[in-house]
Amino acid sequence: MGGVRCLGFVLVLLGLLVFIGSTEAQLEVGFYSKSCPNAEMIVYDFVYEHIPQVPSLAAALLRLHFHDCFVRGCDASVLLNSTSSNAEKDAAPNLTLRGFDFIDRVKSLLEAECPGVVSCADIVTLVSRDAVVAIGGPYWSVPTGRRDGVISRDLEALANIPSPFSNLSSLTTSFANQGLDLKDLVLLSGGHTIGLAHCQFFSNRLYNFTGVGDQDPALDSKYAANLKARKCKTPNDNTTHVEMDPGSRNTFDLSYYSLLLKRRGLFESDAALTTDSTTLTYINQLLEGSLNFYAEFAEAMEKMGRVNVKTGFDGEIRKRCGLVNS
C-alpha cells in the first residue's frame, strides 16, 4: 500500500513538474516585468527617438522581423553573422535587409540595464511593433519570452522566405508552412503600404516577363511605362528604389490594396493576391471597411510573432545579436 502511495506521489510530482515546465515555456505579456522592468520602455524610447527622423526604417525593421520568423521561427537567426558557413543574412533574399545596427544599439542599451536577460528575438519583435506605431500604424500586443536560436543557414532562408516572384500557390505553401493562412497572407502583405522596393525584384515585369522582351500583362501599362521612364530605366538596374505605395510610403494605410485592384502592385507576389477569389474577397472587405485593417493586421502580426518560437530552456540569450555565445 505504501508503494502505491509513493508511486502516486511521484506521478503527481512529475505531472506538476511537466505543468510548471509548460507554463514557463510560454510567451507572456510582461515577461520581463521582474527580471528587467524597464526593458520595453528602453526599446520604446529608442525607437521613438530615431524612427520619426528616419521613417523609412520602420519598413526595414518590419521586413527584418518577417524574414526572421519565416526561417526557424522568430529566433533572431537572421541576425547571426556568417562564420564557417553562410548564415541567413547572406542569402539572396536577405541581402537588401537593413536595421541590423539599429537592433545592435537597442541590445547594447538592454545589456547595460540587464545583462544577459532580454533576447535578440524579443528585441526584433518589439522594435518592429514600436517602429510601425511610431509612424502612425497599428499597435499590437507583443508577448515576450522568446529565446535566441544558435543555427543560421543561408539555404534555409532561400528555401523558406517567400519570393517577390511567387505565384499564389507558392505563397500559400510558404505561409502554411509557418501556420499562417490566406487571410494572414493578405494582411501581412499589407505591410507593403510602407517602404521601398529595388528594381531588380520586379524589372522582369517591365522588360522580359516571359523571356521574349515582353511586359507582364497583369501590370497596368501606364504604370509600367512610368516606371521605365522615371525609375527602372534599364533591365539590369539593381540600385534604384521605388515606393511600394507611391505617394504614401510612410503612411500606414489602405492605399496598397487600392493599387492592387488597379493592377499597380510592384511584385508578382502582390499581383498574385488578386488572382484568387478568397484573397480578393479579403482585399475588398478591407477596402469596404467590413474588415478593420489596423485590427486585423495587428492580429496577424501577433500570430506571426509566435511562429516556432524558442522558450524555456531552448536556445539561449545572446550577449551580442550577431554571435552565438561562446
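The values are calculated or read from the model by the stated rules, or taken from the named source; none is laboratory data. Bear in mind that the values here come from a model prediction, so they are computed numbers and not experimental data. Neighbour counts run over all protein chains shown; Cβ positions are idealised from the backbone, glycine included. Calculation scope for accessible area: heavy atoms of the full protein, side chains included, ligands and nucleic acids excluded. Shrake-Rupley method; radii C 1.70, N 1.55, O 1.52, S 1.80 Å.
Things worth noting here:
- Residue satisfying all of: in the stretch 216-258; touching a Ser or Thr at 6+ places or on another chain (Cβ under 6 Å) and in a helix (DSSP H, G or I); most open to solvent (accessible area, probe 1.4 Å) among these: S255
- In the stretch 29-48, the condition of being exposed (fewer than 14 other Cβ atoms within 10 Å of the Cβ) and either in contact with a Pro (Cβ under 9 Å, 6 or more places away or on another chain) or at pLDDT below 55 (or both) is met by at least one residue.
- Within the option set T210, T239, being in contact with a strand residue (DSSP E or B) (Cβ under 9 Å, 6 or more places away or on another chain) and either free of Cβ contacts under 8 Å to residues at least 24 places away in the same chain or more than 30 Å from Y294 (Cα to Cα) (or both) holds for one residue only, T239.
- Test: residue in the stretch 161-169 that is open to solvent by less than 40 Å² (accessible area, probe 1.4 Å), at pLDDT 95 or above and closer than 17 Å to V309 by Cα: yes
- Among the residues making up the stretch 306-316, those that are closer than 17 Å to C69 by Cα, in contact with a Lys or Arg (Cβ under 8 Å, 6 or more places away or on another chain) and assigned to a loop (DSSP other than H, G, I, E, B) are N308, V309, T311, D314, G315.
- Residue check, A131 open to solvent by 50 Å² or more (accessible area, probe 1.4 Å) and either under 30 Å from Y48 (Cα atoms) or under 16 Å from the mean Cα position of the chain (by Cα) (or both): no
- With respect to being modelled with pLDDT under 95 and under 25 Å from D214 (Cβ atoms), T239 fits the description.
- Residues (closer than 14 Å to D75 by Cα and in a helix (DSSP H, G or I)) located in the stretch 86-126: E88, K89, I103, C120, A121, D122, I123, V124, T125, L126
- Single residue of the stretch 112-128 satisfying the filter (in contact (Cβ under 8 Å) with a residue 40 or more places away in the chain and of a type in the set (G, A, S)) that is farthest from V54 (Cα to Cα): G116
- Given (1) at pLDDT 95 or above; (2) over 16 Å from the mean Cα position of the chain (by Cα); (3) closer than 30 Å to P55 by Cα, number of the condition T173 does not satisfy: (3)
- Of the residues screened, E156 is not one that is modelled with pLDDT of 95 or more and surrounded by 18 or more Cβ atoms within 10 Å (Cβ to Cβ).
- Residues that are assigned to a strand (DSSP E or B) and open to solvent by less than 50 Å² (accessible area, probe 1.4 Å), drawn from the stretch 187-215: A197, H198
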